[in-house]
Each structure stands twice: as C-alpha cells, then as structure tokens.
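The values are calculated or read from the model by the stated rules, or taken from the named source; none is laboratory data. On a predicted model such as this, the values are computed, not experimentally measured, just so you know. Counting neighbours? That spans all protein chains shown, and the Cβs are built from the backbone with ideal geometry, glycine included.
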Ligand SMILES: Cc1ncc(COP(=O)(O)O)c(C=O)c1O
C-alpha cells in the first residue's frame with residue numbers, strides 16, 4: 001500500500017503507463033484509453049471515492065452494485081485481518097471451519113422459507129453456474145435425467161462462465177463464445193415501458209409456461225430470473241408476476257432460481273429481492289453485497305428439498321471451487337452483516353427510497369428522459385429521442401450519446417454511474433445503501449445539466 005502511494009505521489013503517470021502496458025480490463029475497449037487517461041481509483045470513504053489526482057467522485061453505482069455498506073470501513077477489514085491471523089485459509093472440500101459454518105447459518109436465518117443450505121462460491125457467475133449444475137444433478141438423482149434445460153429472459157445478464165452465459169440473454173456477449181452450454185432458452189423480460197402491441201403484462205409470466213410447453217416439460221430443469229432485471233435498465237416485475245411464475249414452476253416441476261447477485265443484501269430494501277416481491281424461490285444465487293465486496297464471495301442458497309437427495313448414501317454434489325467459503329471472506333461477510341443490522345442499513349434504504357425516487361422522477365421534465373424505473377436503491381433512467389412517441393436512439397446515436405458524451409462527462413463532473421445500452425440507452429444509479437438526501441441532491445445537480453446538454457446535442461424533440 002505504502003509503495004503504491006509512493007509511486008502515485010512521486011511519479012505521476014507511472015500507474016497509467018503500467019496499466020496501459022499490463023492490465024487487461026474487463027469488458028473494456030482498451031483502445032478507448034489510447035488518447036485519454038484510464039480512471040484510476042485509489043481510495044474510498046463512505047459514498048465517495050478518490051482518483052489518483054485526489055479528485056472526489058460520488059460512487060453512484062456502489063462500484064458495480066457491490067459496496068453496499070460504503071467505502072473505507074476499517075472495522076470490516078479488521079474482521080478479515082483477525083481471521084487471517086487465526087486461520088488464513090482452509091477449504092470447504094470435506095472440511096468445515098467456524099466462519100463458513102456461522103455464515104451459512106446466518107444466511108439461512110435471513111433467507112426466505114426453507115432456503116437453508118448454503119454452497120459458497122467466489123462470485124456471482126460461480127453461484128449461477130453452481131445453481132445450474134445443482135438443478136441438473138438434482139433431477140438426475142431424482143429420476144428425471146432429461147430435465148436439463150434452462151429458461152432465462154432476453155437481455156438479462158447472469159454472468160460470463162459458459163454455463164452462466166447460456167442463461168445470459170445478451171446476443172453480443174454470447175456470440176463470440178458460441179457454441180454455449182446447450183439448453184439455454186429465453187423468454188421476454190418485464191420491460192413494461194416497451195410492451196409490444198398486443199402483449200399484456202399478464203402474458204409475461206405465461207410466456208414461461210408457453211416456453212416450457214414448447215421445449216417439453218420433461219426437458220426443462222429451471223427458470224432463472226432476477227427480482228429486478230439489471231441489464232436493459234432495472235425492469236421491475238408487474239404485479240403478481242412472480243406468484244404466477246411460482247405456480248408455473250410448481251405445475252411443471254421446474255426449479256425457480258432467483259438470481260440476486262445484485263438484488264440481495266438490502267439493494268431493494270430487504271435482505272433478499274424475493275422478500276420484496278413475496279415469492280419463494282427454490283434457489284437464490286448471490287454475491288457482491290454479501291461482503292460489500294471487501295472480499296470476493298458468492299453463495300448459492302438451496303432449499304431443504306433440493307439438498308435432501310445429496311444427504312443420502314453415497315450421493316454428493318460433485319462440484320466445488322478451491323476458494324469458496326474462504327475463512328477471511330466469511331469473516332468479512334459476517335462483519336458486514338453485523339454492521340447492516342447494527343446500523344439499520346436496510347431501514348435506511350426503506351425510509352429513503354421515496355426520496356431517491358422523487359429526485360429521479362423530478363428529471364422527467366427533461367425531454368430526453370423517457371422512463372424512470374427500479375426499486376430500492378436500484379434505478380434506471382431510460383433516455384429517448386422523443387418522450388411522447390418513446391422513439392429510441394439508433395445504435396449509432398446511442399454510441400455517440402453514451403460513449404461519445406455521457407460516460408466521460410458524468411465521470412468528469414464527479415459522478416460514477418452506468419450509461420448502458422445492452423437494451424435501450426439507460427443511465428443506472430445504485431448508490432451505497434448508506435446514501436441519503438444529501439447524495440441524491442448531489443446526483444441531481446450533476447445529472448440535470450448533463451442530461452440537458454445531452455438532449456441538445458442529440459437534437460431531442
Ligand atoms: C444478476 C447477475 N448474475 C450474475 C452475475 C455475475 O457475477 P460475477 O461478475 O460476480 O461473476 C452478475 C454480475 O453483475 C449479475 O448482475
């Protein structure tokens with residue numbers, strides 16, 4: 001740490017050069033940094049982070065929906081350090097250790113219904129991968145070996161490992177890696193702002209039943225859905241959607257996986273997104289906010305019913321990852337959850353969600369703002385060419401708007417958020433769960449003039 005600070009202080013530009021030469025950034029067009037600086041974040045505190053020049057930014061995306069408790073929490077780091085001194089690492093392959101046991105029990109106590117069995121992973125893709133493999137093996141051991149297919153939603157993101165990618169419904173991410181794991185099928189998402197003509201909100205859940213019938217109920221293992229779908233811009237479920245999906249899954253003996261890599265740990269004002277919408281999944285996949293990203297950790301939380309066959313005779317879930325359940329990560333997760341409870345972090349989201357929403361809704365007077373949607377501290381603003389007709393931007397215009405202007409300008413003016421066009425162009429905001437009216441006001445003060453300028457540049461009607 002000291003040597004990094006030294007390099008930054010005494011040799012400005014060194015980190016830039018080293019990053020350009022050696023660091024392979026994820027999902028990043030690295031050529032974009034040929035003629036301007038790579039943003040290098042060196043420090044964080046609360047809702048704010050600081051770059052290598054000491055400039056402050058409001059972290060309006062919780063560092064990719066991760067740092068739910070906020071930055072710079074020495075107490076959470078300390079829990080990891082204490083654990084490392086006591087037992088730096090031991091595996092969950094045939095062994096257990098106290099922190100993994102305590103964390104599994106804690107998660108089970110918070111998770112809805114009979115989701116009592118926790119299989120740790122190192123991140124979200126691994127959690128999704130584990131859920132897909134559990135679904136397949138569960139049906140094999142219970143005498144339905146042909147149930148292997150998976151139904152997910154269009155434009156949804158469920159991770160990048162090949163299994164998880166077969167669930168991801170974003171063509172541009174899938175295409176470079178085809179052929180994917182077979183069996184991934186997709187149905188419409190809950191983009192109610194752009195419902196195709198003739199399609200009702202009620203049909204969105206029915207489309208899952210139709211897909212199961214089309215594929216053959218004996219071949220479908222699971223449906224994977226986020227409580228609020230991130231990619232495309234925070235699509236919330238219509239009233240009754242998940243209740244109907246639950247019925248459909250029961251009818252066809254298909255498992256319901258709630259992918260809560262983002263939506264758990266207070267993001268929607270509850271421990272789990274399924275609790276916000278009142279449904280009971282068979283599996284929850286999660287990561288990110290579990291440790292507030294002070295250490296990498298994910299989990300697949302399965303129901304007693306799914307675990308039961310694996311508790312018999314010679315059966316075992318033949319799957320695992322070396323680092324999963326790492327004691328340092330587990331200790332950090334426990335300290336994170338302690339802080340959540342002690343400091344009323346989830347209550348903060350509940351009481352401030354209306355203020356956050358009101359601020360975002362106040363931007364609707366700008367012609368470029370087509371829709372504002374989301375739940376909890378997880379919202380998106382969809383940008384349009386024409387508010388009345390909902391006309392969207394062409395791919396080329398979207399490129400000019402998002403990458404040519406918004407991303408850079410928001411960052412330049414001190415707001416980190418996401419300008420994204422995996423569906424129609426949106427700006428996503430997902431601040432740390434400790435944020436409140438002061439941060440919302442700051443977001444508005446930065447966002448409003450930028451959206452005005454964006455509208456002028458794009459000749460929005
Ligand atoms: C819903 C969802 N599932 C899975 C993943 C993959 O998680 P990870 O990047 O930790 O592998 C993500 C990541 O953002 C996600 O949002």
Could you tell me whether residue 298 is closer than 16 Å to residue 158 by Cα and in contact with a strand residue (DSSP E or B) (Cβ under 7 Å, 6 or more places away or on another chain)? yes
Those residues of the stretch 149-167 which are over 16 Å from residue 208 (Cα atoms) and part of a loop (DSSP other than H, G, I, E, B) amount to 157, 158, 159, 160, 161
Take the stretch 267-296 and flag every residue that is part of a helix (DSSP H, G or I) and touching a helix residue (DSSP H, G or I) at 6+ places or on another chain (Cβ under 6 Å). 277, 288, 290
Quick check on residue 299: is it under 29 Å from residue 253 (Cβ atoms), within 16 Å of the ligand (Cβ to nearest atom), under 21 Å from the mean Cα position of the chain (by Cα) and assigned to a loop (DSSP other than H, G, I, E, B)? no
Looking at residue 185 and the list (1) touching a strand residue (DSSP E or B) at 6+ places or on another chain (Cβ under 7 Å); (2) away from the ligand (no atom under 16 Å from the Cβ); (3) part of a loop (DSSP other than H, G, I, E, B), which single condition is not satisfied? (3)
Do we have any residue at all in the stretch 256-266 that's away from the ligand (no atom under 13 Å from the Cβ), outside any helix (DSSP H, G or I), under 17 Å from the mean Cα position of the chain (by Cα) and surrounded by 21 or more Cβ atoms within 10 Å (Cβ to Cβ)? yes
Residue tally, condition farther than 16 Å from residue 103 by Cβ and in contact (Cβ under 8 Å) with a residue 60 or more places away in the chain, over the stretch 295-320: 12
Taking the stretch 217-255 and keeping only residues that are closer than 18 Å to residue 136 by Cβ, in contact (Cβ under 8 Å) with a residue 60 or more places away in the chain and outside any strand (DSSP E or B), one is left with 218, 219, 253, 254
For the stretch 385-403, does any single residue satisfy the condition of being under 25 Å from residue 46 (Cα atoms), buried (at least 21 other Cβ atoms within 10 Å of the Cβ) and at pLDDT 95 or above? no
Closer than 30 Å to residue 337 by Cα, surrounded by fewer than 20 Cβ atoms within 10 Å (Cβ to Cβ) and in contact with a strand residue (DSSP E or B) (Cβ under 8 Å, 6 or more places away or on another chain): does that describe residue 442? yes
For the stretch 139-146, does any single residue satisfy the condition of being surrounded by fewer than 22 Cβ atoms within 10 Å (Cβ to Cβ), touching a residue at least 12 places away in the same chain (Cβ under 8 Å), in contact with a helix residue (DSSP H, G or I) (Cβ under 7 Å, 6 or more places away or on another chain) and under 20 Å from residue 275 (Cα atoms)? no
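Do we have residue 309 as modelled with pLDDT of 95 or more and in contact with a helix residue (DSSP H, G or I) (Cβ under 7 Å, 6 or more places away or on another chain) here?
Here the answer is yes, as residue 309 does meet what is asked.
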If we scan the stretch 309-327, do we find a residue that is at positive phi and buried (at least 20 other Cβ atoms within 10 Å of the Cβ)? yes
Quick check, is residue 197 away from the ligand (no atom under 14 Å from the Cβ), at pLDDT below 95 and not in a helix (DSSP H, G or I)? yes
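Within the stretch 99-112, which residues are in contact (Cβ under 8 Å) with a residue 12 or more places away in the chain and assigned to a helix (DSSP H, G or I)?
Taking the stretch 99-112 as the starting set, the residues that turn out to be in contact (Cβ under 8 Å) with a residue 12 or more places away in the chain are 99-100, 102-104, 106-108, 110-112.
Of everything in the stretch 99-112, those that are in contact (Cβ under 8 Å) with a residue 12 or more places away in the chain and assigned to a helix (DSSP H, G or I) turn out to be 99, 100, 102, 103, 104, 106, 107, 108, 110.
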